[in-house]
1. Counting Lys +1, Arg +1, Asp -1, Glu -1, what net charge surrounds residue B:75 among other residues with beta carbon under 14 Å of its beta carbon?
2. Between residue B:139 and residue A:54, what is the label-point separation in nm under the 7 Å Cα-to-beta-carbon projection?
3. Which value, in debye to the nearest 20, describes the size of the charge dipole of chain B about its Cα centre when Lys and Arg Cβ atoms bear +1, Asp and Glu Cβ atoms bear -1, and nothing else is charged?
4. Pull up all non-local amide H partners of residue B:217: gap of 5 or more, or a different chain, and H-to-H distance under 5 Å with H placed in the peptide plane.
5. Starting from the Kirkwood radius over alpha-carbon pairs of the protein assembly as shown, derive D by Stokes-Einstein at 25 °C in a medium of 0.890 mPa s and give it in µm² s⁻¹.
6. Mind putting a number on the dipole of the protein assembly as shown about its Cα centre? Charges go on the C-beta only, +1 for Lys and Arg and -1 for Asp and Glu, and I need it in Debye to the nearest 20.
7. Output the residues of region B:126-159 meeting this criterion: accessible area (heavy atoms, 1.4 Å probe) in the chain alone minus accessible area with all protein chains in place is 10 Å² or greater.
8. Counting only residues 5 or more places away or on other chains, whose amide H sits under 5 Å from the amide H of residue B:52 once H atoms are built in the peptide plane?
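The values are calculated or read from the model by the stated rules, or taken from the named source; none is laboratory data. Only a predicted model underlies this, so the values are computations on that prediction, with no experimental measurement involved. A quick note on method: Cβ atoms are made from the backbone with ideal geometry, for glycine too, and the neighbour counts reach across all protein chains shown. Surface accessibility is based on the protein's heavy atoms, side chains included, excluding ligands, DNA and RNA. Shrake-Rupley method; radii C 1.70, N 1.55, O 1.52, S 1.80 Å.
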Amino acid sequence: MSIAVAATQTIEHLDRGPLSKDELAALVARDIPQGSYVNLGIGQPTMVADHLGADSGIVLHTENGMLGMGRAARDEEVDPDLTNAGKIPVTELPGAAYFHHADSFAMMRGGHLDVCVLGAFQVSAAGDLANWHTGAPDAIPAVGGAMDLAIGAKDVFVMMTLFAKDGSPKLVPRCTYPLTGVDCVSRVYTDRALFLVGTEGATVVETFGMSMEELDERLDIELHTL
Amino acid sequence: MSRAHIVTSPAEAVAGIEDGSTVLVGGFGMAGMPVTLIDALIEQGASDLTIVSNNAGNGDTGLAALLAAGRVRKVICSFPRQHDSYVFDGLYRSGKLELEVVPQGNLAERMRAAGAGIGAFYCPTGVGTPLAEGKEQRTIDGRDYVLEYPIRGDYALIGAQTADPMGNLVYRKTARNFGPVMATAARTTIAEVRETVGLGEIDPEAVVTPGIYVDRILDLSALASQEVAS
């Protein structure tokens, strides 16, 4: 069950450049409903936590066995027994709960988490996700909890740059990297635009420093508007 | 012997682990990693081991040291590649180590199944990905699932916070991670704990791993006081 979009028509923000990483994190945070149970993936998605208001009632889940995770630990707060999934020392909030790994993934797989935010190498217009393996022959495969998260949360938001360093789009007709999950992503938040993806293809919700026309030119997929 | 037994030395804790054993090793990174038991296993000398753990060693200690000592044939884990997994990386790249990558939730659930007597289970994780290739699939109520088999251990080496003489265990914060599941999935479970308390001193409502799953307990605080005494 996907979270409904507030906007009623596609908005082109042409009076500005692309979103910074921090602005992108703020945009994701804006769209997470109050009171949600949320898992933030390793890396850039972690920045979303900085933009969740203390009064949002949002509870953070970390797959290594905790609900009610607080911010990163500082100085004397660092406790080797208390880390997030990226193995960074974190803090606990009042009302936190600990549980073992099988329970942690059961609550994910069982559809109890509302939102999961993940990074990606590629996402397809149909919502397929590739974020665990480049497929390079010398790369050591490492999947962690990515496949479990991709199919577990009610809504999977991807957070990434729209274009790779070589300029090629990361929102694609079909993923060329090995898949993490099929038809699992509901939204793609990028520095250039916010997309809804799924069986009906890609719909642009907002653009940042790029017009629909420019987007259409740079991407190999059909784009719908609200 | 089914009742938990408090051992007095790391060597006694890992005694009898045979060459070729499958050993479940707790911990998520270093949190919950039973470093003293792993060091004792290196000293004990068992080789040709299959290690089941979330990661494949960090830095030069713990699991990384066991790998470096050449005792491991195969690693089953979810996330071998880390910024400080150079020991694993080198052995894997030189073809000296077999690797089975398992999604983290499947790793936990496959051990849970082993401990709970489940023959196999249908799981939605990994459908349509390379990790599901060659596995039996089935559509149930319109959703696709992959058949996953249990992972059983001959031994489990885990870390916990507190034990009592019954073998009941309590963990601390996210160091709990795989410990409770691994304790159920192995023929012999060996726990290193930071402290032991007297019978009845753990609130029965607060026990996380009941003693029925635990065979040997090594009390690290008792070891430390032995060292001070000698």
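1. Numbers: positive: B:71, B:73, B:74, B:81, B:93, B:96; negative: B:48, B:89, B:98, B:100.
Spelling it out: positives minus negatives among the neighbours equals +2.
2. 5.2 nm
3. On the way: 19 positive and 27 negative charges, 102 e Å.
Using Cβ point charges on Lys, Arg, Asp and Glu, chain B gives about 500 debye.
4. Amide H neighbours of residue B:217: B:5, B:6, B:7, B:191.
5. Working: Rh = 23.2 Å.
My calculation gives 106 µm²/s for D.
6. Values: 33 positive and 58 negative charges, 150 e Å.
Value, rounded to 20: 720 debye.
7. When all protein chains are present, B:126, B:127, B:128, B:129, B:130, B:131, B:143 each give up 10 Å² or more of accessible surface.
8. Hits under the 5 Å cutoff: B:23, B:24, B:25, B:76.
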